[in-house]
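These notes concern the structure reproduced below.
A short reminder: the numbers here are calculations on the coordinates, not readings from a lab. A quick note: this is a predicted structure, and the numbers were derived from the prediction, not measured. Note: ideal-geometry Cβ built from the backbone for every residue, glycine included; neighbour counts use all protein chains shown.
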Amino acid sequence: MSMGGGGGGGVGSGDGAGGVGGGEADEASASSSQAANQLSPVDNAFVGGLGASLADQQKAILGEELHTLIAKRHPDLAAKITGMMMDMDTPELLVLLGSEEQLKAKVHDALVVLQEDALDAAEKALLLRFLQTQNIRLLVLMGYPGAGKTLLARSFAERGWKMVSITGKVKDDQACITKVQELLSETGHCHKVIVDRPNLTTADRRVWTDVGRQCGIGSNEIALAHLDRDSYFCLQQIRARKNTNSRDRTPPPSGGPKWSDMEARQILKEYEAQLEPPEPQQEGFDGGLHTITTQGELSWFKDIFGVSNKIAGLREKAPQYFDHVVRSATQQQSPAAEGPAAAAAALSAAEEN
């Protein structure tokens, strides 16, 4: 019994000891917590800095891996492209490293931006005007003899356009009309046609807008180029030609006589009397009127239609940006309007040839 009592006292003493022990622990915990609270700003800064340092190191390693991959294809631009990508989050960088296709797409986007920045305002303006002309399927020239129509038409033909001229195999107006109709209506093809004729009167020009409409060509796909060169320029060109006898188009022997000054002036005077100034909208040339009076304007005209080397040079300088702009322009058009894309393909073919 007394053992029991002692035991009970022991238990009671144990409970008391337990109570005192718990209080000491609470005090120690509170003291520790207070100390921790006093050091937490330092600890947090250290831990945060350590975490940021580790994250920066990880990102730097990922950047080095990206740079190595990008440098395989674009060694000169790898540093710039990688730098542009380092604004991305670490998980996004990991995705790029794990997917060749996604990395390729991201590199392409970076190249578009870099190449756009590399072009000056004049080059961008030229590219924009080029795209605006690429839906034209029927280009009608007008101008006096000696204005340079045939030479211009030949430069277009060298870039894939179909040239119809009364000075070539086609010997009369009706044959010209028939040839243009055949080209514009040819199944499975989307020919671009340039007509080399004086087309000085409204009636002469109306023929071609009517032909275009009959062949399903929209008025916005038909343009007029007026080579409005001065009389002196035209006279010089006429006098330099062989006298082909304008009545029957029979050429003289090689080295034969040229037009005299009086004959050249008479020829030009006859054509000047026929001139009716063009009114493009009323006549159905919604693709635009291009008036060419100087050599500089002629060069610009050839540039914007892609028949000079300027557009080819832009494509070589900024290939990804060029193709990006062409695709964007094509997507904004109706599915049937493949002007810019077709022009880009024709440009590539011309460069290869």
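The table for this structure:
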read-out	value
Pairwise label distance in nanometres, Gln214 with Glu182, each label 7 Å out on the Cα-Cβ vector	1.5
Amide N proximity, region 114-152 versus Lys80 label position 7 Å along Cα-to-Cβ, cut-off under 18 Å	114-124
Dipole in debye (nearest 20) - region 55-118, about Cα centre, beta carbon charges: Lys, Arg +1; Asp, Glu -1	200
Residue-by-residue Karplus 3J(HN,Hα) for region 188-195, coefficients 6.51, -1.76, 1.60, Hz, glycine and proline x	x, 10, 10, 5, 9, 10, 10, 9
Computed lengthening from Ala125 to Glu270, 0.36 nm per intervening residue step minus Cα-Cα distance	48.2 nm
Local net charge near Gly98, Cβ-Cβ under 12 Å (Lys/Arg +1, Asp/Glu -1)	-4
Integer Hz, Karplus 6.51/-1.76/1.60 couplings in order for region 122-127, x for Gly and Pro	5, 5, 5, 5, 5, 5
For region 71-76, 3J(HN,Hα) per residue [Karplus equation, 6.51 cos²θ - 1.76 cosθ + 1.60, θ = phi - 60°, Hz, x = Gly/Pro]	5, 5, 10, 9, x, 6
In nm, spacing of pseudo-spin labels at Ile61 and Thr294 (7 Å Cα→C-beta vector)	6.4
Cα-based Lys proximity count in region 87-206, under 24 Å, for pairs eight or more positions apart or on separate chains	14
Region 55-118, relative contact order in percent, only Cα pairs under 8 angstrom and at least six apart counted	29
